[in-house]
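Following: one structure in C-alpha cells, then a few remarks.
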C-alpha cells in the first residue's frame, strides 16, 4: 500500500501561488514535482469543495452547496475508502473536516482530539478558529505522522484564507501568508518524502481583491496543484477537482 500526505492550503489562488511559492516552484524546476492548475467547482466555497475533493462529487451532486450546513460528505470518500481497505488515517484540519467525515455537528470537547479506529478519520487534531497558526497546524500534522504513521494524512491550513478574508488577495498580508505556507512546506515536505509519502498540495478555491471567493471569476476559481513523489508518475495530471479523490486512492493502492 502507498502513503499519501494531502496538503490543502485553503484559499490559495493560482495567481498568488505562482510568484509566492518559491520552494514549490524549485521542485518543479528540479523535476521532482509536477504542477498544474484547476478550475474550482461552483459555488467556490470551502465546505462544498471539501466534499468534492474528498468524494469526487460536484456540489450539485453531493447536495453540499453552502458553508452553513454541517452535513456529512457523501460516501465513499477518501477516508472511508482507506478505512475499508484497512489503512490508517489521520488529519490535522479545520473542524469542518471532522463534520464531513466523522461526526456532526462538531463538539470540541469530544472531537477536537480524535483517536478512534472505528471512525473514517481515526486520528485527528481539529481546530475551530480560522486564525489558528499554520506553523502549529504543521506541528499537529507532524505529531500525527510520528505517532501513528498513517497511510493517509490530511494537512489543512487556514492561514492564507484567513488573510485573504481580512485584507483581500492583493494585499501584502495575503502574499505573506502564502510565502509562510511555502516555507513550512520547505521544512516538512522533504521529511514526508523521506518517510515514503507521496505528497499532493492543492487549494480548494482562490480569493479576490474584495476579500471573498463566492463568484465565478478566475481569481476565485483558479487554483494550484502540485504532485511530489514517484507514486504520481504513472497518473496523468488531473483536469478537474472531481478527479482528486480517485487520484489519491490510486496512489494509496486502493483504486
Quiz prompt | Cα shape, segment 159-221, gyration tensor, a/c 1.5 rule | solution = oblate
Quiz item: Relative contact order of segment 140-239: what whole-number percent is it, with Cα pairs under 8 angstrom and at least 6 residues apart?
Solution: 23
Exercise. May I ask you to derive the relative contact order of the chain, considering only C-alpha pairs under 8 Å and at least 6 residues apart, and to give it as an integer percent?
Key: 36
Practice problem: Report the extension gain between residue 215 and residue 176 in nm, rounded to one decimal, defined as 0.36 nm multiplied by the number of residues separating them, less their alpha carbon distance. | Solution: 11.7 nm
Self-check item: Peptides 77-84, 102-109 ordered by average Cβ neighbours within 10 Å, highest first
Solution: 77-84, 102-109
Quiz prompt | Computed E for residue 191/residue 26 - FRET, C-beta separation, R0 22 angstrom, nearest 0.05 | solution = 0.85
Practice problem: Take every DSSP beta bridge whose two residues both sit in the chain, then give the antiparallel share in percent to the nearest 5. | Solution: 40
Quiz item: Where does the Debye-calculated log10 I(q)/I(0) of segment 105-255 sit at q = 0.15, 0.18 Å⁻¹, using only Cα point scatterers of equal weight, no solvent?
Solution: -0.95, -1.31
Quiz prompt | Over the chain: helical MRE at 222 nm, DSSP H runs n ≥ 4 each giving -39500 (n - 2.57), nearest 500 | solution = -12000 deg cm²/dmol
Practice problem: Just check the chain against the gyration tensor rule for me: Cα atoms, a ≥ b ≥ c as the square roots of the eigenvalues, rounded for a/c under 1.5, and otherwise prolate or oblate depending on whether a/b exceeds b/c. | Solution: rounded
Quiz item: Where Rh is the Kirkwood radius over the Cα pairs of segment 175-254, the temperature 10 °C and the viscosity 1.306 mPa s, what D in µm²/s does Stokes-Einstein return?
Solution: 110
Quiz item: How big is the gap, in Å, between the Cα center of segment 48-89 and the Cα center of segment 90-162?
Solution: 15
Quiz item: With each label point set 7 Å from Cα along the Cα-Cβ vector, what nm distance links residue 61 and residue 128?
Solution: 3.4
Self-check item: Gain upon complete extension [residue 113, residue 85; 0.36 nm per residue less C-alpha separation]
Solution: 7.7 nm
Quiz item: Among rounded, prolate and oblate, which fits segment 53-193 when a ≥ b ≥ c are the square roots of the eigenvalues of its C-alpha gyration tensor, a/c under 1.5 means rounded, and a/b larger than b/c means prolate?
Solution: oblate
Self-check item: Binned Cα-Cα distances of segment 1-83, short to long, each 10 Å bin given as a whole percent
Solution: 15, 38, 32, 14, 0
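No lab work stands behind these numbers, since they all come straight from the coordinates. Note that this is a predicted model, so its numbers are computed, not measured. In this analysis, Cβ positions are derived from the backbone assuming ideal geometry, glycine residues included, and neighbour counts consider all displayed protein chains.
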